[in-house]
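Colleague: Pasting in a structure now, in structure tokens, and then I'll have a few things to ask.
The values are calculated or read from the model by the stated rules, or taken from the named source; none is laboratory data. Note that the coordinates shown come from a computational prediction; the quantities given were computed from them, not determined experimentally. Please note: Cβ atoms are built from the backbone with ideal geometry, for glycine as well, and neighbour counts cover all protein chains shown. To get the accessible areas, we keep the full protein, side chains included, count just its heavy atoms, and leave off ligands, DNA and RNA. Shrake-Rupley method; radii C 1.70, N 1.55, O 1.52, S 1.80 Å.
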Amino acid sequence: MALTTDEWSDVIFYFEFMAPKRGFGLDVLKEPDRVPLQQKKELITKFCTEKMYMDEDEVEPTLREKYAVEGRSIRAALNIVRNWKQFLLSRLTRQNLQRGSAFRNCAVGELDASLVLWREKAANLKLNVVPNFIDNTQAGGVEMWISYKDIQHGAIPTLFALGHEFGHQTDFAIREIYPNVLKSLYADWSKDNHTSWEYYADSFAIIFLTINSGDPERLFASTEGYMGDTPDDGTHPAGFLRVNQMREAQKLAI
């Protein structure tokens with residue numbers, strides 16, 4: 001059965017998204033507005049047979065079962081980015097956060113004061129999606145640069161990457177005045193220990209997202225699958241260590 005219009009739309013979306021990746025093999029789709037729809041279909045079909053060495057009878061099911069699915073996954077991830085700022089502002093309230101024991105352990109006055117600064121960060125947040133398949137999503141000040149590297153893994157990995165980076169922003173917003181709030185989420189946080197900043201950002205992400213998740217087990221499993229095998233890169237500890245820490249941190253979302 002031929003692909004539907006919607007399936008082709010998702011397939012094409014995937015290939016246009018991946019085109020900037022070095023060596024991907026469809027440079028013409030880096031400027032998709034200059035390529036007619038029918039030509040895109042022909043280029044993608046040719047890519048499957050010549051670059052992926054598929055038999056003709058493999059192309060259609062692969063387009064439907066793999067590339068259309070991945071196109072939808074990337075769309076979902078980009079939708080997470082588009083809604084991230086509003087998501088933060090709607091969830092960064094004492095009533096919401098204190099559904100988790102980590103935030104119930106904070107002194108109310110300190111948590112309220114922290115929330116003023118966190119919400120200010122969220123309100124001024126500038127999100128930039130960049131066609132970078134090498135570096136991780138990063139943040140600085142009130143800016144965040146969301147890497148294609150994370151987006152191509154789908155909605156939950158993208159959600160975790162955003163949560164981790166906003167975790168860093170919450171850290172730097174209050175570390176000089178309310179360190180006990182940070183230690184409520186990660187007891188070993190220290191201003192003088194960079195590794196602890198990474199564990200804190202992981203803890204913030206998994207606690208905050210679990211509080212706001214309808215499926216905490218799926219959230220954790222997808223995050224573990226995304227980062228569990230990552231190596232120590234000199235900044236972030238090895239993925240299995242981070243996953244172990246987050247497994248404990250998630251308990252503080254209850």
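Colleague: If ligands, DNA and RNA are left out, what is the accessible area of V243 with a 1.4 Å probe, given in Å² to the nearest 10?
Modeller: Estimated to the nearest 10 Å², V243 gives 10 Å².
Colleague: A further question follows. Heavy atoms of the protein only, probe of 1.4 Å, neighbouring chains included. What is the accessible area of V69 in Å², nearest 10?
Modeller: 70
Colleague: To continue, here is another question. Taking only the alpha-carbon atoms of the chain, what semi-axes of the equivalent ellipsoid follow from 5 times the gyration tensor eigenvalues under a square root, in whole Å, largest first?
Modeller: 39, 17, 17
Colleague: A follow-up question, please. What ranking of I74, I254, I80 comes out by heavy-atom accessible area, probe 1.4 Å, highest first?
Modeller: I254, I80, I74
Colleague: Calculate for the chain the 222 nm mean residue ellipticity that helices alone would give, adding -39,500 (n - 2.57) per DSSP H run of length 4 or more and normalising by residue count, nearest 500 deg cm²/dmol.
Modeller: On the way: 13 runs with 152 residues, N = 254.
The per-residue figure over the chain is -18500 deg cm²/dmol.
Colleague: Moving to a separate point now. Which of E120, E143, E50 moves most in a GNM of the chain, Cα contacts under 10 Å?
Modeller: Highest fluctuation among the options: E50.
Colleague: Taking only Cα atoms and a 10 Å spring cutoff, compute GNM fluctuations for the chain and point out the largest among Q39, Q152, Q138.
Modeller: Q39
Colleague: To continue, here is another question. I need to check one value: relative contact order of the stretch 1-93, counting alpha carbon pairs closer than 8 Å and at least 6 residues apart, in percent.
Modeller: On the way: 61 pairs, mean separation 35.0, N = 93.
Averaging sequence separation for qualifying contacts and normalising by length gives 38 percent for the stretch 1-93.
Colleague: Between the alpha-carbon centers of the stretch 108-131 and the stretch 199-231, tell me the distance in whole angstrom.
Modeller: Result: 20 Å between the Cα centres.
Colleague: Leaving out ligands and nucleic acids, and using a 1.4 Å probe, what accessible area per residue does the stretch 147-254 come to in Å²?
Modeller: On the way: 4470 Å² over 108 residues.
Value for the stretch 147-254: 41 Å² per residue.
Colleague: How do S184, S9 rank by accessible surface area computed with a 1.4 Å probe, from largest to smallest?
Modeller: Correct descending sequence by accessible area is S9, S184.
Colleague: Keeping every protein chain in place, order H164, H194, H236 by accessible area at 1.4 Å, biggest value first, i.e. largest first.
Modeller: From most accessible down to least: H194, H236, H164.
Colleague: Mind pulling the angle between the C-alpha long axis of helix 68-91 and the longest principal axis of the chain? Nearest 10 degrees, somewhere in 0 to 90.
Modeller: Relative to the chain, helix 68-91 is tipped by roughly 30 degrees.
Colleague: Å³ per residue of the Cα convex hull, for the stretch 74-147?
Modeller: Cα-based convex hull of the stretch 74-147, divided per residue, equals 111 Å³.
Colleague: Between helix 5-18 and the chain, what is the angle of the helix's C-alpha long axis to the longest principal axis, kept within 0 to 90° and rounded to the nearest 10?
Modeller: Relative to the chain, helix 5-18 is tipped by roughly 70 degrees.
Colleague: Under the rule a/c < 1.5 gives rounded, and otherwise a/b versus b/c splits prolate from oblate, where does the stretch 122-254 land using the Cα gyration tensor?
Modeller: Details: a/c = 1.36, a/b = 1.12, b/c = 1.21.
Taking the square roots of the gyration eigenvalues as a ≥ b ≥ c, the stretch 122-254 is rounded.
Colleague: Quick one: grab Rg to one decimal and Dmax as a whole number for the stretch 184-254, Cα atoms only, in Å.
Modeller: Expressed in Å, the Cα Rg and Dmax of the stretch 184-254 come to 11.8, 36.
Colleague: Give the total of Lys-Lys pairs in the chain with Cα-Cα distances below 16 Å; include a pair only if its members are 8 or more places apart or on different chains.
Modeller: For the chain, the number of qualifying lysine pairs is 13.
Colleague: I want to verify a result. In a Gaussian network model of the chain, Cα cutoff 10 Å, which of these has the top mean-square fluctuation: M52, M227, M18?
Modeller: Evaluated over the chain, the most mobile residue of the options is M52.
Colleague: In percent, how large is the relative contact order of the chain, given Cα pairs closer than 8 Å and 6 or more residues apart?
Modeller: 16
Colleague: At a probe radius of 1.4 Å, what is the per-residue accessible area of D192, in Å² to the nearest 10?
Modeller: Rounded to the nearest 10, the figure is 140 Å².
Colleague: Only Lys, Arg, Asp and Glu count, each charged at its Cβ (+1, +1, -1, -1), so figure out the dipole size of the chain about its Cα centre, rounded to 20 debye.
Modeller: So the dipole magnitude of the chain works out to roughly 920 debye.
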